[in-house]
Amino acid sequence: MAKFFALTIIVIAIASAIPILRHTWPEPPDISVHGHLIDEQMSETMAEAGISFLAAQFILAIFIWKFSNRPKDAKIAKFPGGAKGLVIAAFLLVGTEVLALGIFGTKAWASIYFTPPAANAMPIQVQAGQFAFYFRYPGADGKFGPLHAALINESNENFFGLDQTNDQDSKDDIVTAEMAIPVNREIFLLMHAKDVGHSFYVPELRVQQDFVPGLDLSIHFTATKIGRYEIVCTQLCGLGHYNMKAYLSVYSQEDFDNWLKKQAALQ
Amino acid sequence: MHDVSAHAAQHHAPPQGFIRKHVFSLDHKVIGKQYYALALVAVFVGMVLSWIMRLHLGWTNLAIPGLHLLSKNGAPGDIMTPEYYLQLMTMHGTIMVFFVLTTAPFAAFGNFFLPIQVGAEDMPFPRFNMMSFWVTFVAFLVLVSSFFVGDGPTLGGWTQYAPLNAVGSVGGPGEGLGVVLWAASIAIFCIGQLLGSLNFITTTLDLRVKGMSLMRLPLTAWAWFITSCMGLTAFAVLMPACILVILDHVAGTSFFVPSNLVINDQLQPHSGGSTLLWQHLFWFFGHPEVYIAIVPGMGIVSHILITNMRRPLLSHRVIIGCMAAIGILSYMVYGHHMFVSGMNPFSSLAFSFPTLVITIPATIIVLIWIGSLYGSRLRINTASLFALGFISMFVSGGVSGFFLAQPSIDIMLHATYFVVGHFHMVMAVAAIFGIFAATYFWFPKMTGRMMNETWGKVHFWLSFVGAYCIFMPFHYLGIAGNVRRYQAFVNEYLQPLIPVHKFITIAAIATGIAQFIFLYNLIHSRFWGKPAPDNPWEATSLEWSTPTPPPFDNFGGKLPVVYHDPYQYGVQSSTGDYVMQASSEQVVTEHEEK
């Protein structure tokens, strides 16, 4: 039984590694400027974690195989180096790994969160509410009008609570149910939560950020590939959470301009 | 510390009558068994909930026979509504984390064996101890009652994030009374845990018998002691957090709700609250909680492996130091649950460093376990199989932590099935394997009968292979971007992953059915198992020095004296290759803790 157990551990370890090595269910392809930093971090971590995983499982299996069912008088031997050696090994191996991942990992994080948006980044506001995302473009004046929570009215399609009669800046704001952006143009995304916690996740963009009711947060990113992607909510927000999504279209500049014009006409 | 009066403080007369003996018992052993029974009921409830969830995830429009009987509105025509899925999911998580993983390894086995392992007749506050169980039991009833009230249990997940947890029934089904019952149940649970921790800490520090220095305590005793210190501080924060949530519901406060929120076109009557405050309070408790769930298992695995390897671990003190280091570090890492929460991104980096560093003591413990196997005389039985299985599971679950500890990678993996795979393997399955190992190991002492080894091994094989089949694929789903807490997968990019979910569901149901083999073995052996000798495993610690099962005062009025450290194996004595802690026999030993 011991030898069979050892073999089972090895088979399970190898079987677990195969889908990773063969990219059977791969990460969605990266369409962002900063994503490669995350992907590199991911690959390094996968290599280190993978080696640690396989090594630990294999050695566990080998020791189970070798040291079970020994005769009653077999001599008890000490692992070379004893506890001291293992403690030193853990500090050195894991410590370096940890420092490397931690320190090099700050680069990817800093490039996203500690770098301010470019001066010409295009501002778009996204509002998350049970159970839809709505988007607002500032229009020709480049300014977002103020939000009035008391004016929010879904049946009138006043999703943001705009007072387009009295607020000058709101008059040309463009509200849409889909997000569109031009390719290779930095986007400055202002995030507003209408009711409870939500999150903005586009795997291909390598972006995930929670909305926080009471806090207006922002992120910035640049898409590098034309296409149509899904924005999904990842923060449990109620019964419609699974279905809370919107489409993100990345267009050429020309196609985006046409799209925005069409949206403006629909207001 | 060892004088007679300290013992007299917890000396009580033999119990009389059925109620005192079996219901409102002051005996730590009965209380331990009561906790075990509660955890057993809870784990089967939690498991059945997971089956229903998994059936729905694999086959979303499946009519599950009888489901309409469980809930008034949750499953018309036996087809689960989206809200009911979330409600079942919330209850699954809450029941499992609190009433199984915190209860069985710590409260059940700890209550039964800690006093015996230190050489005491009972804990110093038997009435508080009795209260701790019944308070926990009431907490369970309050939680389960939410199934049967109004529009059902809360649907906000076991993490109950704000402001959904505080806005009331406008937030969705179960978000009114369901949340209040959840928070009340957990607040009551906290009280039970605090009473328990009080007993565990004082037992360990004050009731050790003559010769039982701290370094001579078995590793299980150290694990329970460290866990109870964590419990004291962690539950002390969760309880007021739950009270604040209840106040937001019933007293018009707004601890967790800011102003200007609009739900169903209605401006919500709250202002001044902080959404993130809940997350800080909850995770300050929540991260130590997961170590509360696993540290007793580490002690149990150490204890069982040593007995079955016939040698002590390479270092007793290093294991103690690492468990303590994990306990202390566990308070510094909680923000890794909040990397993309909207918290200051600099804080995310700050939390990621201790999160990566906590890998070091965990790795040392695993390396010492594996290194101690080298050159040992390993015995394979059901208990040692589950202990070894724990190591395999803990490694598998632990390495996925490398990914989640880094904020940049967490951008991709947060709130995906990668996280769900990680915590199920490293905490849930590993801890459950620890519970199984402890059961097969200590059942003979607790009941006077042996469990059936053949059925035990069948249970092990099905559980070990089954658990890997269920939870390893979760990691692949997460890498592919499969978001968690979805009741159905409607997004285009998720469609190719649905066959993986079907595979997982089948594995989950098969593995679940295998647990009935354990249940049958447990019940059958309790009444008809082979009679057990006092020391069936040829083990050394004090619990094996008592009669079987131990009498109400554990040692029959004659407290032992401790002459040896807890793991003198590989020696030559009159009993064989080991000498018991309470044996006055002097033998040649390699090393003795004093």
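Things to note:
- Count - residues of the stretch B:550-578 that are surrounded by 16 or more Cβ atoms within 10 Å (Cβ to Cβ) and in a loop (DSSP other than H, G, I, E, B): 14
- Failed condition for A:Asp73, given (1) in a helix (DSSP H, G or I); (2) modelled with pLDDT under 95; (3) of a type in the set (Asp, Glu): (1)
- Verdict on B:Gly119 being modelled with pLDDT of 95 or more and small (Gly, Ala, Ser): yes
- The one condition in (1) crowded, with 23+ Cβ neighbours inside 10 Å; (2) within 14 Å of another protein chain (Cβ to nearest Cβ); (3) not aromatic (Phe, Trp, Tyr) that B:Thr227 fails to fulfil: (2)
- Qualifying positions in the stretch A:55-77 - within 7 Å of chain B (Cβ to nearest Cβ) and either touching a Pro at 6+ places or on another chain (Cβ under 6 Å) or free of Cβ contacts under 8 Å to residues at least 24 places away in the same chain (or both): A:Ala56, A:Ile59, A:Phe63, A:Phe67, A:Arg70, A:Ala74, A:Ile76, A:Ala77
- Residues that are in contact (Cβ under 8 Å) with a residue 40 or more places away in the chain and more than 9 Å from chain B (Cβ to nearest Cβ) were ranked within the stretch A:15-31; the one that is surrounded by the fewest Cβ atoms within 10 Å (Cβ to Cβ) is A:Pro29.
- A:Ile187, sole failed condition from (1) within 14 Å of another protein chain (Cβ to nearest Cβ); (2) assigned to a strand (DSSP E or B): (1)
- B:Tyr334 at pLDDT 95 or above and in contact with a His (Cβ under 7 Å, 6 or more places away or on another chain): yes
- Breaking point among (1) assigned to a helix (DSSP H, G or I); (2) among the small types (Gly, Ala, Ser); (3) surrounded by fewer than 20 Cβ atoms within 10 Å (Cβ to Cβ), for B:Ser525: (3)
- Taken over the stretch B:263-278, the residue count meeting the criterion of being surrounded by 19 or more Cβ atoms within 10 Å (Cβ to Cβ) and in contact with a helix residue (DSSP H, G or I) (Cβ under 8 Å, 6 or more places away or on another chain) is 5.
- Failed item in (1) under 23 Å from the mean Cα position of the chain (by Cα); (2) more than 14 Å from every other protein chain (Cβ to nearest Cβ), with B:Trp528 passing the rest: (1)
- All conditions but one from (1) within 11 Å of chain A (Cβ to nearest Cβ); (2) surrounded by fewer than 24 Cβ atoms within 10 Å (Cβ to Cβ); (3) closer than 30 Å to B:Ser573 by Cβ apply to B:Ile320; the one that does not is (1).
The values are calculated or read from the model by the stated rules, or taken from the named source; none is laboratory data. Quantities reported herein were computed from a predicted structural model and do not represent experimental measurements. Quick reminder, even Gly has a Cβ in these numbers, built from the backbone with ideal geometry, and neighbours come from all protein chains shown.
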